[in-house]
Structure formats: structure tokens, C-alpha cells
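Notes to accompany the following structure.
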Amino acid sequence: MADYLKPIPDWEEHERPTLPGSASMPWHPPHRRVAYALVALLVGITGGLGNALVSANLPYLQGQLGLTPAQGSWLVAAYAMVNVTANLLAFKFRQQYGIRLFAEIGLGLYAALALLHLAVGSFETTVMVRAASGFAGAACSTLGTLYMLQSLPRRYTGNLLVIGVGISQMAVPIAWLVSAGLVDTGQWHNLYLFEAGLALCAFAAVVLLKLPPGVQIKAFEPMDFLTFALLAPAVGLLVVVLAQGYVRWWLDTPWLGWALVASIALATAGFVIEHYRRNPLLQTRWLTSLPVLHFIVGAFMIRFLTTEQSYGVVGLMRQLGMGPDQMRPLFAVILAGVICGIAVSSLTFGQKRIIPQLLMAILLLGSAAFLDQSRTSQDRPQDFFVSQFLASMGAGMFMGPLIMLGITQALKQGVDHMITFLVTLSITQTLGGLAGSAVLGTYQLHREQVYSSALVSQLDPADGVVAQRLKLQQQLYASLLTDPVQRSAQGTAQLAQITRREANVRGFNDVFSLSGRVALGFLCWLLLLSVRTAVLKQWRKRHPPTPTPPTPAGVSPR
């Protein structure tokens, strides 16, 4: 029996909150529903926009703040570490204290640290702001969805849930669209001033337009904090390994191996404790069941596939010298694709359409990857419009159906399984994105080295074509250098640079091809699972289990 902390109002049936910690669903006038939708949009975008701004402008920030690439990767890791671990306690916190308090703490801390960083501007405060951004993002993703659910009557809950969880995906293209205007003055302060202002606006909106009250119950137990103390650093260390492995290189940094060992040990200890608890924070037995394992693999893989856009296309464009200003039209198309994907997923929402929507999202992501597998150094952002519209539409479609599928499976087991689902979803999405960038980055570097070796081995000055190209390169420096030896050296260096650029382009083409093949294999696996499930369902209908006859009184069953 739940231990209620506050008296339960006399709600009508359609007003009752779905779960403890959720808001009730009273009637609202139209203008208030519009206000709830606008606050949902603001809060949902705020949760991810700060991190997206840093990712989009990471080379610029490294130069402005004097950071090394390894230090720059700590900014991404700090956000991911706090964001994924905050979800371990966020659900119970909102059950006991309400989501609004959690959001006010997160947004207030985020805004305060952003303002502090403007005054100090050190590497330490930069990492602290990113960590606070991750904490706020954990609250904002849920808060934005709860606000969106208030914007229409209860019968549209499923459609609004898809929109609410999809809002955060608009943060990345918006960050690229506004970045050029924020960094064109040559100072990093504008980025953090914008970030702090956005956090303050979201904080004010949450305080002024409050969510309707919900049910608050006593949720926390002392053992929850022991589990958190074990699993939070375990996940954090794994995030660090994925974020730092590519920059420091996997086999050249011994402490990465020790961090991975410590992560496995802490996670094992945490899961053992949870397995034998009476009221566990994580339902380990359910977590290891076959349907949930299928969900974990699927959620991880579909997030992995979205990194073809965030790493592959962006990495290739940066390699070809494109900055935020040149990529703004491309990300306008990407934003349109995300909005279209969310709209299609919401308008076609239905329990029977969840699997088809996920299959369509994977098909779109795979199609985009195959369209991009033959790029050249002459390609520019406008050449990616079609492929990236398809990829962004797939990225906009998948999150809503994925969450609905997980929620459905969790609620079949009971409300206490929701924490396990939310933590699982958060970990798969965070680690899927980081693993995607790490794997694709490592693969691209390997292929670039292979192509560089092959191309350089063909640069024989005795070859007529190579000699002609060297002569052309040397002529470029004829008006600048009078010494023929220096001209020859500069021409050779320029040709080597062009060779490496072409090798990088070929490496990225291999990345796109790999993403397409992974999508194709993943799609076939899901189709096989769907066919297997349908066949088993039909077989059970035709061969119902034989009822066990009752045991006569006084006879012991053998």
C-alpha cells in the first residue's frame, strides 16, 4: 500500500494522474493549453540545446579557451555522465517531491553556473557548467513531456507523448542554426550568455506556469542511495572511456583500461545488491528477460545509427573546411526533417503501428547512409539535403514509438518497473550515441590510414601525371617564393595535404557504407523477430494450452 505524503484531492476519473509523480489532468481553457505547449517547447529544447551548442562549436571553444582535444572531450563526457546517472533517482524524486522541484533545482543550478563561468572562464567551470547542463537535461526531458500532455485533452495523451519526447531532438539542428550568429564576434562569452539566458527563461516559465498537482508518495529507501553510489560512478566511468578512448587512443592509455575494469566491478556489485533486495530500485530479473534484452539491443542500435549524421556528415564537412555558417542551410533541412518525423509519428500513433514506425525509421536512416557512401571532396552541404532530410526524419520518428514500446512492457509488470525502463532507456541512448561516435571515428581513422598509405605509395615523381601535378602545385607559390627548392618542398607538402584530404573523404564514405550495412542487418533482425512473434501468436491461438484438471480432495498431486 502506497504511503501518501499529501491528501489526495477529489479528482474525477479523467483527471487522475497516470502514475505517482505525474501531474493530474484537469480541464484547461484554450489559452492555458497553448501556454503549456509553449513552455513544453521551451523546456524541452533548453534541456539539450546547451550541450548541442558546445558540440557544434567544440573546435571553436577549444581554440578560444585554450583547451586540448582531450580536455574538449571532457565537456561532452561531463554532460553525458551526469545526465544518465541523474535518471537513476529522478523518477523516485518526482514521486516523493514532485518533478517541478527537481526541475527548479536543476535549471537554477544550471543558470547560476553558466553565469559563474562567464565571470571565471576556466576549464574547471566549463566542465561544471556541462555537468549542471546534464542534470538540468534529465529534468527537462521529463518536464517538457508533462507540460505537453496538458496542452490537449486526455484522449490525445499518446500523440502528445510522442511530441513531448521528440522536442529534445530539435536541439541539435537549432544549435547549428544559431551558432553562426553567436560566434561571429570572435568571443566564447556569447554562447554561454545565450545558454544562461535560456536556462533562466525556462526556470521562470516553470515557476510562473505550474503543473497541476499530482500524487506524492514515500518512494526513497536507504538502499537506493547505496545502489546509486555504485551504479553512478560505474556508468560515469564507462562514459569517460567512450568519450576519451578515440582522442587518447584505446591501447595507448592504460588508465582507460583500469577505468573500464572499475566500471564493470562497480556495476556488478550494484546489480548483485539490487538482485537480492526486497524492493529494488532496478528490477534485475525483468531486465534480463528476453523481450527486455531485445528492447535494449534495439534501443542501443537505433541510437547508434543516428550518429551517421552527427559524426559522419558533420565530420566530413569539417574536414572539407565547412563551418557553422556554411552548414546552416543543411541544418535548416535537418530541422524540417526532424519536425516532419515527429509529426508523422504523432499523427499515425497507435499500439499496432509502433513496430512499423520503428522499421520505417531504420529504413530511412539506412537509406540516408547508402545515399552518402559515394561522396567526393567536391561535395558541399547542399549535396546532402536529400539524404539528411531522410536521416533526420527517421531520427524524429523513432523516439516516440521506442518509449511507448518500453512503457507498455514496463507497466505490464507494475509501476515499480518504470524506473528500470527509464534508466535503461537513458543508458542505451547515451551510450549508443557515444559508442557510435567512438566506433565510427575509430573506423574512419583506420580506413583513412589505409587509403593514405595506398595513395602516397603511388606518388612517384617519375610518373608523368604526378610530375605534372607537382609542377602545378609549385606554380602556385611562384609569386611568393623565389627559391626553387622551397617551391618544390611547398608543392610536395601541398600535394600530400590534398592526398590526405582525399583519403579522409574515402574513409568517411566507408563510415557511411558501414552505417548502411548495420541498418540493413538491424532491419532484417527486427523483421525476423516480428515474424517469429506473429507466428507464435497464431500457433497459440490454434493450440491453446490444455487446462490442468482439478486435483480430487484428499489426493496429493505427484
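The values are calculated or read from the model by the stated rules, or taken from the named source; none is laboratory data. Everything quoted here is computed from the prediction, not taken from an experiment. So basically every Cβ, Gly included, is an ideal-geometry build from the backbone, and we count neighbours across all protein chains shown. Protein only, heavy atoms only, side chains kept; ligands, DNA and RNA dropped before computing areas. Shrake-Rupley method; radii C 1.70, N 1.55, O 1.52, S 1.80 Å.
Quick notes on this one:
- Subset of the stretch 327-354 [at pLDDT below 85 and open to solvent by 70 Å² or more (accessible area, probe 1.4 Å)]: Q351, K352, R353
- Residue list for the stretch 78-129, filter: small (G, A, S) and surrounded by fewer than 17 Cβ atoms within 10 Å (Cβ to Cβ): A112, A119, G121, S122
- Cβ-Cβ contacts under 6 Å between residues 6 or more apart (or on different chains), taken from a first residue in the stretch 189-206 that is without any contact (Cβ under 8 Å) to a residue 24 or more places away in the chain to a second residue that is crowded, with 20+ Cβ neighbours inside 10 Å and among the aliphatic types (A, V, I, L, M), are listed as N190/L182.
- Residue in the stretch 471-490 that is open to solvent by less than 80 Å² (accessible area, probe 1.4 Å), more than 45 Å from the chain's Cα centre (by Cα) and either basic (K, R) or modelled with pLDDT of 85 or more (or both) present: yes
- Candidates V235, V215 - the one that is among the β-branched types (V, I, T) and at pLDDT 85 or above: V235
- From Y60, Y79, residue being in a helix (DSSP H, G or I), in contact (Cβ under 8 Å) with a residue 40 or more places away in the chain and over 30 Å from S263 (Cα atoms): Y60
- Residues of the stretch 15-51 that turn out to be open to solvent by 10 Å² or more (accessible area, probe 1.4 Å) and either among the charged types (D, E, K, R) or within 27 Å of L75 (Cβ to Cβ) (or both), as a count: 9
- Restricted to the stretch 384-424, and to residues there that are touching a Cys at 6+ places or on another chain (Cβ under 9 Å) and not aliphatic (A, V, I, L, M), the residue that is modelled with the lowest pLDDT is G396.
- Failed condition for Y156, given (1) out of contact with any Leu (no Cβ under 6 Å at 6 or more places or on another chain); (2) crowded, with 16+ Cβ neighbours inside 10 Å: (2)
- Residue within the stretch 232-241 that is β-branched (V, I, T), open to solvent by 40 Å² or more (accessible area, probe 1.4 Å) and under 29 Å from F398 (Cβ atoms) present: no
- For the stretch 243-270, a residue qualifies if it is farther than 24 Å from L281 by Cβ and touching a residue at least 24 places away in the same chain (Cβ under 8 Å), and the qualifying residues are A243, Q244, G245, Y246, V247, R248, W250.
Yes/no per residue for (1) in contact with an Asp or Glu (Cβ under 7 Å, 6 or more places away or on another chain); (2) under 19 Å from L371 (Cα atoms):
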{"site": "F271", "(1), (2)": "no, no"}
{"site": "L281", "(1), (2)": "yes, no"}
{"site": "R285", "(1), (2)": "no, no"}
{"site": "H294", "(1), (2)": "no, no"}
{"site": "M301", "(1), (2)": "no, no"}
{"site": "E308", "(1), (2)": "no, yes"}
{"site": "I334", "(1), (2)": "no, yes"}
{"site": "A343", "(1), (2)": "no, no"}
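- Flag for A519 being aliphatic (A, V, I, L, M), surrounded by fewer than 17 Cβ atoms within 10 Å (Cβ to Cβ) and either out of contact with any Lys or Arg (no Cβ under 7 Å at 6 or more places or on another chain) or modelled with pLDDT of 80 or more (or both): no
- Check on Q96, of a type outside the set (K, R), more than 19 Å from L200 (Cα to Cα) and touching a strand residue (DSSP E or B) at 6+ places or on another chain (Cβ under 7 Å): yes
Here is a yes/no grid of residues against (1) of a type in the set (F, W, Y); (2) without any contact (Cβ under 8 Å) to a residue 60 or more places away in the chain:
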position: T125; (1), (2): no, yes
position: A131; (1), (2): no, yes
position: T142; (1), (2): no, yes
position: L146; (1), (2): no, no
position: V165; (1), (2): no, no
position: M170; (1), (2): no, no
position: P173; (1), (2): no, no
position: W176; (1), (2): yes, no
position: A180; (1), (2): no, no
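- For the residues L208, L226, L193, L177, the requirement of being surrounded by fewer than 20 Cβ atoms within 10 Å (Cβ to Cβ), closer than 30 Å to P329 by Cβ, at pLDDT 85 or above and out of contact with any Pro (no Cβ under 6 Å at 6 or more places or on another chain) singles out L177.
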